[in-house]
Each structure stands twice: as C-alpha cells, then as structure tokens.
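The values are calculated or read from the model by the stated rules, or taken from the named source; none is laboratory data. None of the values given here were measured: they were computed from a predicted structure. Methodologically, a virtual Cβ is constructed for each residue, glycine included, from the backbone with ideal geometry; neighbour enumeration extends over all protein chains shown. These accessible areas exclude ligands, DNA and RNA; they are computed on the full protein's heavy atoms, side chains included. Shrake-Rupley method; radii C 1.70, N 1.55, O 1.52, S 1.80 Å.
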Amino acid sequence: MRYLLYTTLALIACLMPSQSLSAQNAMLDSVRMAEMKGRIDSLRSVTPGVPLVIDEDTLFVLYSRYGGILPEIRVERARQEIMTQGRRLTFFTDSIYVYESDFTSDVMAGNHLILSITDIDALWQEKPRQELANHYASLIEEKIREIHEDYGLRQKLLGLLMVVIIIVLQWLFIKLTNWLYRRWKFRLTRLVMRRALPIVIKDYEVLNKHRQGALFLMLYRLLRIGLIVVQLLITIPVLFSLFPETKSLTITVLGYIWDPTTDIFWGVIGYLPKFFKILVIIICFRYLVKGLHYLSNEIASGRLRINGFYPDWAVPTYHILRVLCYSFMFVMIWPLLPNSNSEVFQGVSVFLGVIVSLGSTSIIGNLMAGLVMTYMRPFHQGDFIRFGEVEGFVLEKTALVTRIRTRKNEIITIPNSNLMSAQTSNFTFAAHNYGIIVHTKVTIGYDMKHEVIENLLLDAARATKHIEKKPLPFVRVTKLDDFYVEYEINAYTKHSEWLSDIYSQLHQNILDHFHSAGVEIMSPHIFGLRNDLELQIPKSENK
C-alpha cells in the first residue's frame, strides 16, 4: 500500500501543468525522501549500525554508506581524525565547525574533514541534516576537548615536572636506603654474632658464630637490593602512567611482574595435594629404612641370629635394601613431580641416564665386584692377604675399592674388579682355622746324613718364636739333585700378622744350628773349584 501511494503521488506530479515545474521538483524530492524513509523504516529493525566509540564512550551511530564507503570505514576515519586533533599540543574550540554543501554537511577541524553527514544519515536519525551535523559537531568538539586535556601541552609540561620530581625522590630513597644499610650493617652484625649460638648437628658444627655473621651480612645485602628493586617496580609504572602515550606500558610492566607471581602462587596452591602425597611417601619409606637399619644393627651385633646369614652381611645388605627402597620411592614420586610428563623433562632424564650409563661402566663393574665379594667373604678388614705380588693387611673395604697396607706401610688401592679376576690368599683365615705352614728349603751335599740335617732343621723350627708345638714340625726331602739334596722344613703357626718375623727368625735359627754343628750350607757346585777355600762357616762357630 505504501509503494502504491508513492506511485500515485508521482503520477499526480507528472500530470500537473508546466508552469508549476519547481513545485513538481519539490514534490518529486519529497516523494523520493518519503520513499527512502519508508525503506529506512523497514531496515531499522535489522540494521545494527556502527557506533563511534572512544575511551568506552559512544558518540553516535552511523547506518549508511557515503558513496561507496562503508559505515565501518567512515566511523574509523572519524575516530582517527578525532584522536589526531585531540592529541595536538594546542587546540582551539572555534576550529570545529560545519561546512554546508548541496548534498552533505561536513564537520571540519580547521582544514581537516572529520565526518560528512548525508541526507540518508539524517533520515536514519529522523532529524534534519543541518541539525544532525551541528549535534555531531558539538559531540566531537567535547570529545576532542576531553582528549586534549590528557594530551595537551599543559599536561605534557605537568607530566615532565612530575617525572623530574619522581626521579629525584627515587634517587633520594635509594641514597637513604644505602645510608641506612651502611649505618646499621656492622652494628646489627655484631649484635647477631654476640647473641648467636653455634648450630651443631651431632658432632658437626653447621654454623659457628663467624659463619652466622657472614650469612647475616649476605641476607642484609639481599634485603637492601630487594628494597631498591621494590622501589623501582613502583616508580617505573608511575612514570609510565603520567603520559597517556605510555599508560598502556604501565599495565604491561606490571603484568610482567604480576602474571608470573600469580601463576607461581596458584601453581603452588594447585600442587599442594601432590606435595602432601610426596611427603606421605617419603615419611613411610623413611621409617621403613629406619626399621631395616635397626634389624641390621641387631644382626651385626649378634643379638639377632639368622641361620645361614652371617653378621658381616648385615651392613651391606642394609645398604642394598636402602638403595632399593629409595629407588622404589623415587619411582612412586616421579609421576607426582611438576611437569614430569613434559617432553623436555623426559628428554633431560633420558640424557642424564645415557651419560651416567656411559660414564659409569667401570664403576658399576667395581660396585658389582664389591657386592659379590661381600657375600663370598674372601677376607675381612684387618686380614693379612696376598694379591699377586702384593702382601699386606686389609685396611679398608668399600663398594668400589679395597685398600691394603703392606709391611712397609705402603697403602695400595686395588679396584674390586681386579680382586675378583685374580687369586687372593687369606693368611689370617687359614692361620686362625688351620694354622699356616711356614716352610723354607736348604740344599746339602750327599756327604751329610739326612738324619743329622733333619734334626738340625727341627731344632731350628722348635727354637723359633710363634711356632706351634702341635702339630709338630716336619721335614721333607723334596729333591735329589746331581750334586745336592734339597730339604724343606715345615712348621705350623697361627700368627699370620708376624709371618715375616717368623720367617726371619727361622732362617736365623737354621744358620745358628747348622754353624754350631759344623755343617756348611753351601751348594756342592763349588766343590770342584774351591781348592783350598776355607769352609763357609763363621770362625767363632768353627773353633
């Protein structure tokens, strides 16, 4: 019906006499405007419009194009021009005016166009175009004045003045902080050292007075640095907030500090349930290890006996079980650690595992050898043993090496893997359980009866200190050579720690008894060349 009405009016205007041409044009314009208004009314419910928003303040809304320019672009251009005019150092209110043309009303700022108002814009707002343009001009002028109050020359000068004042105050605060630090540093340190008590854990002095004084100085220095950093963290955002151009940096700088702090805080709060689980696991395994330690002490001291389990196995078995318990505890704790499922965490773990495995091949070999020797029990600490050409007392047995002290007081360190791969003789164990046979050999010519030689050797053995009376010493004829007979004296002793002294004394007694009996201990090989050579017996014994 509305379209039919507009068409009828147009036909009536065309049928009017020619002398009223201007009236016809006016009527046609009114018809077009009425038709356009009808279209706008029909689109009003479905067209949202584009608002011009500056600093969360909506100035007006545009609905239509201007030529081929979309309303979004018109609004953005107007916003940019308003911001540009407001950020100028100087601004005059009379520079905002409306320039009227045949088809638009232009809101101007000096020679700069801010916004063009068309008849269609006026129809959308249901106001005359000139009235709407003046209304928009007043809104724009007020907004530019508000922006200019923050960006104008006066505000810039005030901001610079405040910057100077804040910097001076900050410099004074830093000087005051350093002055207070120097003034009270030694006074507080002397006070702390005068009232401090040494912190001792068992027999180890963790912190004496001097260390506590050094620790206090370090903490006091960190306090000074922390105060200066806090002052700067307050001052720098304040400086940025003085100028609108850098006000956004205030939030950015504070965000660099606040965001990590809040993330860490809430991360710690969120991790507390897992943390308590880890504490429960650690406490349980701690008391389990303490129980194993108590049992190992009972077995090692002999108060608790287990058939087939030697007391000297108790301590190494305890260490093995402790490692297994802590390993199992670590496996249980691992999934509860922060970021344990991340690829970086897993990659670092694999890398460390490869490094340890490649660099600890010999260490693992010595460790396993020490473990095997613990349960084989080839020797104990203090035993006199022989390893290859080395003889000495076992000074220390560790998981990796064994240290031996020779009779010359030389400390020899032998890796456990070497001890496992070579023959080891334990003189102390043999002497305690069976008795060690001390033996030595002499060669005598065929001209001497073997009964005489055997008696002399037995007398020399019986005269030697630390030789056991039972079993009795005995002599063996070990070789019948072309020129001599080889005799071996054998005697028992249970004093392996005096073995070298026993051998020395036995050899001395053999010499004394043979010389007293006029028996020459000399190889018969020399008989064919000796001519008138005297007997090789000391003269005092030969008289």
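A Förster distance of 41 Å, applied to the separation of the beta-carbon atoms of Arg303 and Asn455, puts the FRET efficiency at 0.15. Principal-axis analysis of the Cα atoms of the chain puts helix 314-333 at an angle of about 10° to the longest axis.
Other residues whose C-beta falls under 9 angstrom from the C-beta of Ile444 contribute a net charge of -3, scoring Lys and Arg +1 and Asp and Glu -1.
How much net charge surrounds Met329 when only the other residues with a Cβ under 14 Å from the Cβ of Met329 are counted, with Lys and Arg +1 and Asp and Glu -1? Present the calculation step by step, with values, prior to reporting the outcome.
Working: positive: Lys277, Arg286, Lys290, Arg322; negative: none.
Neighbour charge sum, excluding Met329 itself: +4.
Computed from Cα atoms, the angle from the helix 2-14 axis to the main principal axis of the chain rounds to 40 degrees. Taking Lys469 as the anchor, which lysines have their alpha carbon closer than 21 Å to its alpha carbon, excluding any fewer than eight residues away along the same chain? The qualifying lysines are Lys441, Lys494.
Once neighbouring chains are kept in place and the probe is 1.4 Å, which whole percent of the accessible area of the chain is contributed by carbon and sulfur? Could you put the intermediate results ahead of the total?
On the way: 22640 of 35820 Å².
Here carbon and sulfur together make up 63 percent of the probe-accessible area.
So how much slack lies between Ile363 and His293, counting 0.36 nm per residue of separation and subtracting their Cα-Cα distance, in nm?
Values: separation 70, 0.36 × 70 = 25.20 nm, distance 2.55 nm.
Taking 0.36 nm per residue and subtracting the Cα distance, the gain is 22.6 nm.
Taking the range 123-268 as the region of interest, the number of lysine pairs whose Cα atoms are within less than 25 Å, with members eight or more places apart or on different chains, is 6. Think of a 1.4 Å ball rolled over the protein heavy atoms: the range 212-292 then has 69 Å² of accessible area per residue. On full extension, the segment bounded by Asp106 and Leu197 gains 24.2 nm, given 0.36 nm per residue less the C-alpha separation.
Each label point was placed 7 Å from the Cα along the Cα-to-Cβ direction; for Ile333 and Leu153 their separation is 7.0 nm. On full extension, the segment bounded by Ala463 and Glu56 gains 134.7 nm, given 0.36 nm per residue less the C-alpha separation.
For Ile225 paired with Ser42, estimate the spin-label separation in nm (one decimal), with each label point 7 Å from Cα along the Cα-to-Cβ line. For Ile225 paired with Ser42, the spin-label model returns 7.7 nm. If you fit an axis through the alpha-carbon atoms of helix 361-376 and take the longest principal axis of the Cα set of the chain, what angle between them do you get, 0 to 90°, nearest 10? It is inclined by approximately 50 degrees. For the range 268-282, there are no residues whose amide N sits under 15 Å from a probe point set 7 Å from the Cα of Val206 along the beta carbon direction.
Loop-located trypsin sites (Lys or Arg not before Pro) in the range 433-510 (DSSP state not H, G, I, E or B) with no more than 10 neighbouring Cβ atoms inside 10 Å: Lys449, Lys469. Residues whose amide H comes within less than 5 Å of that of Asp383, counting only those at least five positions distant or on another chain, are Val394 (H built at 1.01 Å from N in the peptide plane). Once both labels are positioned 7 Å from their Cα atoms along Cα-to-Cβ, the gap between Ser504 and Arg407 label points is 0.7 nm. For Ile54, the residues whose amide H sits under 5 Å from its own are Leu59, ignoring neighbours fewer than 5 places away on the same chain, with H placed 1.01 Å from N.
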